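Report on one structure; see the data block that follows.
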Amino acid sequence: MIHATIMAGGTGKRFWPQSRTKRPKQVLSIGGPRPMIAETLLRLEGLVPVERTTIITNAEQVAPIMDAVRPGAPPNIIAEPFGRDTAACIGLAAVHVRHVDPDGVMLVLPADQVIGPPERYREVMAAGIQIASQSDALVTFGIKPPYPATGYGYVHRGEPVAEVNGAPVFDVHGFREKPSREVAEEYLESGDYYWNSGIFCWKASTILHCLERFTPELYAALLRIEGAIGTPTEDTVLREQYEPLERISIDYAVMEKAETIRVVEADFHWSDVGSWASVARLRADEADGQGNVATGLSELIDVEDTLVLTDDDHLVGVIGLRDVIVVHTDDATLVCSRDSAEHVKQLVDALEKKKLDAYL
């Protein structure tokens, strides 16, 4: 059977001040009319039933996530006691799948992407599911880049191996880190590179075998966690085994080491909405004649290509600026250049060091 795992444990620091520890990015309506986690669930309708869909988050975020996905039948929830990056997160999901369905196939999704149209998305996901179901390959989904982005990792495709639902499937030569502008332009021109979507598909047994090979300490902890599932000691064992785990992504732990990887070309619209600058691009159809996107009560004079987010109870005035981000909330306001939007996380880290917890 097919099982969906939605990774929803991040705090979305780059979306401060709207995103906070107890109100993370994935419960915000950044990319559409519904919270991002709700949009992710909605795209799965007709592909994976809600009873085989699990959201993995942390204990602090369970309540806001459950509020964000209402109404409707709730998915399963697993709360990580500590954040340990995506290798541990995916491994935890995999042992839960294996516990109930030893032959289960996992579709692994971030909670905070903007994707469309949903019909094509489901067709491409179904193609990856077919490849993973019929082999022991690790399957990822590559976004054909429309421009030379420097903020994404890339997948270097190899020889074609199949075509499913009109989606070409390729062997993978390797993964590349976020490139310079010059290298990104070379990737785009070659046509052999995709943006790394962070979406995966594989058998639970296959990814666990890879974790056993490449991260034996993590796998040993996962085995102990699996043995406690459904017992009175489940929560205690989970905390004990999780706390000492290394923080490592699935890319470093497995994807850059495994031999049999396939990439499915994904031709749907995709954005990981990584910063406020990407929100400005996503909402470009709302822009005025000067390229400004503004919500709430605001007045802009001699302003171009600027994003202003406020509400109807607080007036924001902007004069004589270009390429700026302004985000107002009840207790904090962000002002930065669009080019600096990727660095908002550094601001939040600075607030943490100053122990300004009320604003986190």
Review point. Using Cα atoms only, what is the angle between the long axis of helix 216-228 and the major principal axis of the chain, expressed in degrees (0 to 90) to the nearest 10?
Key: 80
Practice item. Please give the FRET efficiency for residue 249 paired with residue 304, using the beta carbon to beta carbon distance and R0 = 30 Å, rounded to the nearest 0.05. Key: 0.20
Check your understanding: Between residue 22 and residue 353, what FRET efficiency follows from the Cβ-Cβ distance if R0 is 25 Å, with the result rounded to 0.05?
Key -> 0.80
Practice item. Report, in deg cm²/dmol and to the nearest 500, the calculated mean residue ellipticity at 222 nm for the chain, where each DSSP H run with n ≥ 4 adds -39500 (n - 2.57) and the sum is divided by the residue count. Key: -9000 deg cm²/dmol
**Study point:** Rounded to 5, the percent of DSSP beta bridges in the chain classed as antiparallel
**Key:** 50
**Study point:** residue 136/residue 333 FRET efficiency (R0 30 Å; Cβ-Cβ; nearest 0.05)
**Key:** 0.05
Study note, to complete from the structure: When the charge dipole of the stretch 277-359 is computed with +1 at the Cβ of Lys and Arg and -1 at the Cβ of Asp and Glu, the Cα pointing farthest to the positive end, of 340, 298, 315, is that of 340
Exercise for review: May I ask you to derive the relative contact order of the stretch 202-360, considering only C-alpha pairs under 8 Å and at least 6 residues apart, and to give it as an integer percent?
Suggested key: 12
Revision key, fill the gap. Here the relative contact order (percent) of the stretch 277-359, from C-alpha pairs under 8 Å and at least 6 apart, is 20
Check your understanding: Please state the relative contact order of the stretch 2-274 as a whole percent: Cα pairs under 8 Å, 6+ residues apart?
Key -> 25
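Each value in this text was obtained by applying a stated rule to the coordinates, not by laboratory testing. Keep in mind the model is a prediction, meaning the values are calculated, not measured. Because the Cβ atoms are built from the backbone with ideal geometry, glycine has one as well, and the counts that use them run over all protein chains shown.
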